[in-house]
1. Please identify every one of the trypsin sites (Lys or Arg not before Pro) in segment 1-106 that sits in a loop by DSSP and has no more than 11 other beta carbons within 10 Å of its own beta carbon.
2. So how far apart, in nm, are the two label points at Phe108 and Gln87 if each is 7 Å from Cα heading toward Cβ?
3. Tell me the label-point distance for the pair Asp8, Tyr50, using the 7 Å Cα-to-Cβ offset, in nm and rounded to one decimal.
4. For a quick check, take a GNM of the chain with Cα springs below 10 Å and name the residue from Gly30, Gly89, Gly63 with the largest mean-square fluctuation.
5. By how many degrees, between 0 and 90 and to the nearest 10, does the Cα long axis of helix 75-87 differ from the longest principal axis of the chain?
6. Quick one: if the Förster radius is 30 Å, what FRET efficiency do Asp74 and Ser41 give, using the C-beta to C-beta distance and rounding to 0.05?
7. Separation between the Arg97 and Ala23 pseudo-spin-labels, each 7 Å from Cα along Cα→Cβ, expressed in nm?
8. About the Cα centre, and with charges only on the beta carbon of Lys, Arg (+1) and Asp, Glu (-1), how big is the dipole of the chain? Nearest 20 debye, please.
Amino acid sequence: MLRRRSDDSLMKEVYDLVRQIPAGRVMSYGQVGDWMMPPLSARIVGRVMYHAPDSVPWWRVVGKEGDLLIAKRDPRMAALQRHLLQQEGVRFHEDGRVDMASCRWKPFEEER
């Protein structure tokens, strides 16, 4: 049986995971959701990340294909996200997407 969480609990769980993403690495919204118990949709993770406090490295969460999805809402935020990721050494393809093959973080991979 799946347990229900409060909104605060759900947000804390997502933020706790995102805080663990190392500099220079990224996770997709769906990947973050898949690590939650029970799993969350990428859309819900996106909504949670919209409210992320300053202590959460929001820029390390991207679309599954490496897109900077925040550009749909605010192109300036996408420029900031790209800048922050580049400062951490994240590689981008010529089309502006993050190179997910080299930069995707797979948390606790050794445990799965």
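We did not get these values from a lab; they are worked out from the coordinates using the rules stated. Bear in mind that the values here come from a model prediction, so they are computed numbers and not experimental data. Virtual Cβ from ideal backbone geometry, glycine too; neighbours counted across all protein chains shown.
1. Arg3, Arg4, Arg73
2. 3.0
3. The two pseudo-label positions are separated by 2.2 nm.
4. It is Gly89.
5. Once rounded, one gets 80 degrees.
6. It comes to 0.85.
7. The answer from the label model is 2.8 nm.
8. Details: 19 positive and 16 negative charges, 57 e Å.
Value, rounded to 20: 280 debye.
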